[in-house]
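A.B. asks: Please read through the structure below; I'll follow up with questions.
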Amino acid sequence: MTAYVLKRLGMAVIVVLLLMVFLGVIVHVIPGDPVRTILGPRASEDLAQTVRDEMGLDDPVPEQVYDFVKGAVQGDLGSDFVSHLSVTTLIGEVLPHTLILAAAALGLAALIGIPLGIFASTRPNSMGDRMAGIVSISLITVPAYVAGLFLLLIFSVELGWLPAIGTGDFSDPVDYLKHLALPAIALALTWIGYLARLTRTSMFEVLNQNYIRTAQAFGLPDRRIYYKYALKNAIIPTVAVLGVGLGTLMGGAVFVEIIFNRAGLGTLIRDSIENRNFPIVRGSVLVIAVLFVVANLLADLSYRLLDPRVRAERGAA
């Protein structure tokens, strides 16, 4: 187990390093001059050159990439071109809002999607199973930004039940939850459908196993069979996928935050792109990518820990 964990950690480190190099190079392909954006079109060429030298923009590209990777490994993602504040500090101020949004959406998806999948699997080919299938597949096809727009129009503009934009205040939990509700629902809808289908498939496969049929032959109550014996094994793939889901939802949260004008990595990236402030864009994208890699790593390890068959197969190999 230790060797496997070290192998996966090594692969994760390599992926993160390659991401750093890629982000260090890609910013030089983005059109636009950040110096002209900051100073304005009327700034003199001498002033623009002075600012460019201070930012190190005239250094060779390999040198700039090396400096970025070296700083990122040490936790230094550079400085904001406009305010000269640390990019790490700016990201740290908004990252909790994005993490809370992604975690709330994943929790909501699990709370609704898993029971929906169990309901469908225990009633195969029934009207309830068909309706659950239609609902789940419909939700999977709805992008988060489309769902967000419809939710905003219905519950904020038409009904006025929930605030349309903003983040709310941490000091007022009720207000914060009101601002969190619609973005979390919009982000969760796709994963509700996905978890429902995954749970149904896993549960249906387990219910056809011999030990379940034996339990049924002994006359055990269906509820006990479903929730004590079948669900314990059927939920393993779903739990493993939840880790990947958290990383995926981090990326989706970027678009939802822009729609609802929430504080978070999404709005930070949007504002930075408009100002050609690529240190913030580069740092924010790197943070999202690292969180995705970590989530995938945890999902892989959790699947190995939860499923003894995987451990046995790898041990035999």
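A.B. asks: Is it fair to say Pro124 is in a loop (DSSP other than H, G, I, E, B), open to solvent by 20 Å² or more (accessible area, probe 1.4 Å) and more than 22 Å from Gly266 (Cα to Cα)?
C.D. replies: Against the criterion (in a loop (DSSP other than H, G, I, E, B), open to solvent by 20 Å² or more (accessible area, probe 1.4 Å) and more than 22 Å from Gly266 (Cα to Cα)), Pro124 qualifies.
A.B. asks: Would you check if there is a residue in segment 80-91 being assigned to a helix (DSSP H, G or I), open to solvent by 50 Å² or more (accessible area, probe 1.4 Å), touching a residue at least 12 places away in the same chain (Cβ under 8 Å) and of a type outside the set (Val, Ile, Thr)?
C.D. replies: The answer is no, given that none of the residues of segment 80-91 is assigned to a helix (DSSP H, G or I), open to solvent by 50 Å² or more (accessible area, probe 1.4 Å), touching a residue at least 12 places away in the same chain (Cβ under 8 Å) and of a type outside the set (Val, Ile, Thr).
A.B. asks: Go through segment 163-197 and count every residue that is hydrophobic (A, V, I, L, M, F, W, C) and modelled with pLDDT under 85.
C.D. replies: Residues that pass the stated criteria total 3.
Let's see how each residue does on (1) within 21 Å of Phe255 (Cβ to Cβ); (2) surrounded by 17 or more Cβ atoms within 10 Å (Cβ to Cβ):
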{"residue": "Ala72", "(1), (2)": "no, yes"}
{"residue": "Gly75", "(1), (2)": "no, no"}
{"residue": "Gly107", "(1), (2)": "yes, no"}
{"residue": "Phe119", "(1), (2)": "no, yes"}
{"residue": "Gly128", "(1), (2)": "no, no"}
{"residue": "Ile134", "(1), (2)": "no, no"}
{"residue": "Ile137", "(1), (2)": "no, no"}
{"residue": "Leu149", "(1), (2)": "yes, no"}
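A.B. asks: When segment 161-193 is examined, which residues are found to be open to solvent by less than 50 Å² (accessible area, probe 1.4 Å) and not in a helix (DSSP H, G or I)?
C.D. replies: Leu162, Pro163, Ala164, Gly166, Thr167, Gly168
A.B. asks: Yes or no: segment 92-111 includes at least one residue that is outside any helix (DSSP H, G or I) and in contact (Cβ under 8 Å) with a residue 24 or more places away in the chain.
C.D. replies: Looking through segment 92-111, none of the residues is outside any helix (DSSP H, G or I) and in contact (Cβ under 8 Å) with a residue 24 or more places away in the chain.
A.B. asks: Inspect all residues belonging to segment 248-265 and state whether any of them is assigned to a helix (DSSP H, G or I), at pLDDT 80 or above and of a type in the set (Lys, Arg).
C.D. replies: No, that holds for no residue.
A.B. asks: Given the criterion assigned to a helix (DSSP H, G or I) and at pLDDT 80 or above, identify the matching residue among Ala312, Ala295, Ala289.
C.D. replies: Of the residues listed, the single one that is assigned to a helix (DSSP H, G or I) and at pLDDT 80 or above is Ala289.
The values are calculated or read from the model by the stated rules, or taken from the named source; none is laboratory data. Note that the structure is a prediction, hence the values are computed from the model and not measured. With ideal geometry, Cβ positions are generated from the backbone for all residues, glycine too; neighbour counts draw on all protein chains shown. Accessible surface areas use protein heavy atoms only, side chains included; no ligands, DNA or RNA. Shrake-Rupley method; radii C 1.70, N 1.55, O 1.52, S 1.80 Å.
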